[in-house]
Amino acid sequence: MEFTPEQITELISEITNGEQGFQGLVKQGLESLMHSERAVHNAAHNDVSNGYRDRRVCYDRKVFELRVPRSRNSNFYPMLLGVLKDQEEEAQKLVSSLYCSGLTTEQVGKIYEQFYGKHYSKSQVSRLLNTAREDVNAWLGRKLEKRYPILYIDATYVLTRRDESVSNEAYYTVLGVKEDRTREVLTVVNFPVESATNWKDVFEDLKARGVQEVNLLVCDGRLPGIENVLADTFPLADLQLCTVHLKRNIAGKVKPRDKKQVLEELKQICAPDQWEISPEKAFLKFKEFIARWQKSYPVLKRYCHDRYRFYFTYFKYEREIRGMIYTTNWIERLNRDYKRVINMRGAMPNPRAVILLMGTVAQNADIYKYPIYNFLESRLFY
């Protein structure tokens, strides 16, 4: 069937004056091109038409709901969709960038509507984020170096919705210092319930991704069974528990009038620049400190347990690096960046959303690309 120029003009006018306006005309044009392409495909491959499928695509900063032609043998794919796919990926990158900058799915949907002229619900924005989620998961599962002289583990706490309830859950970052003295995030994990089995699984995963040797692990002392798991998976590694957490925990158990004195004594015991000191001597001084103060605060007695010797491992190493290995504060900068994008929201909808945000922040942490020169002469790296 052929149309006269007058009929074509009338048809175009009818479409452009419709509810979708000029966008409707573009939609008709795109569908017509794909329909013609299928006719060519059917003739060349002895195939037959088999209806249509709905597909939402982005083109020229607009969102189109297209009817994409199908063939009986299911091997027809319009070349036009390949062209449109590049623009669709750009739209997905925009959604990911806005979300990972701290906006909620609802806010992203509103901006998307202004930009592309099509409203996207929170669930639709979430689906668009799937590509970003796949990229982050691939990065968090990438192959790793064979050796990391130092690993740091620290937690940031995020309000997370799970099964109709909201709780403050711990999300742990594992940061590695490489042999070239630069740093990289190895993984980000979430444990709703703490157990030694969790860390066994994490360390085994690191080994499966290529890690063969770790020389020092710096982490919070509240990780249950971490010393046993470390000995099983990376037997050459020393363990250093965070002294900042130790001081904070002890200070929280004494009365305000004694807090200043207690913290001053702990500061002297833990001072990293001491001469003629060893982990054993430092732990002995610490137990003497506990013995004095437990007379007033019997709750401190538990700090004499042999496990607390791991808080003084750093005295085994050079004075120049002790201040960099006796605390997990090196992840604090990253934790602040996490909070910057997470605190703009209320409770996160699920753990996957938290991992997406934290993984994106960690992946783009440019500061870790520069070597730490204090480590240049340390025997940890030889």
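Grab the Cα-Cα distance for residue 130 and residue 299, subtract it from 0.36 nm times how many residues apart they are, and report the gain in nm with one decimal. All intermediate terms of the calculation are to be shown ahead of the outcome.
On the way: separation 169, 0.36 × 169 = 60.84 nm, distance 4.92 nm.
Residue separation times 0.36 nm, minus the Cα-Cα distance, leaves 55.9 nm.
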- For segment 144-381, the Debye formula with one identical point scatterer on each Cα and no solvent gives log10 I(q)/I(0) at q = 0.10 Å⁻¹ as -0.52
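For a quick protection proxy, order the peptides 157-163, 47-53 by their average other-Cβ count within 10 Å, most packed first. All intermediate terms of the calculation are to be shown ahead of the outcome.
Working: 157-163: 15.9, 47-53: 13.0.
My ranking of the peptides, most packed first, is 157-163, 47-53.
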- Query: So how far apart, in nm, are the two label points at residue 273 and residue 168 if each is 7 Å from Cα heading toward Cβ?
  - Reply: 3.5
- Measuring from its Cα centre, segment 144-381 shows a charge dipole (+1 at each Lys and Arg Cβ, -1 at each Asp and Glu Cβ) which, in debye to the nearest 20, is 980
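Figure the gain on full extension for residue 329 and residue 343 (residue separation times 0.36 nm, minus the Cα-Cα span) and round it to one decimal in nm. Please report the intermediate quantities before stating the final value.
Values: separation 14, 0.36 × 14 = 5.04 nm, distance 2.01 nm.
Taking residue 329 through residue 343 to full extension adds about 3.0 nm, to one decimal.
A short reminder: the numbers here are calculations on the coordinates, not readings from a lab. The shown structure was predicted, so the numbers you read here are calculated from the model rather than taken from an experiment. FYI the Cβ positions are ideal-geometry reconstructions off the backbone, even for glycines, and counts take in every protein chain you see.
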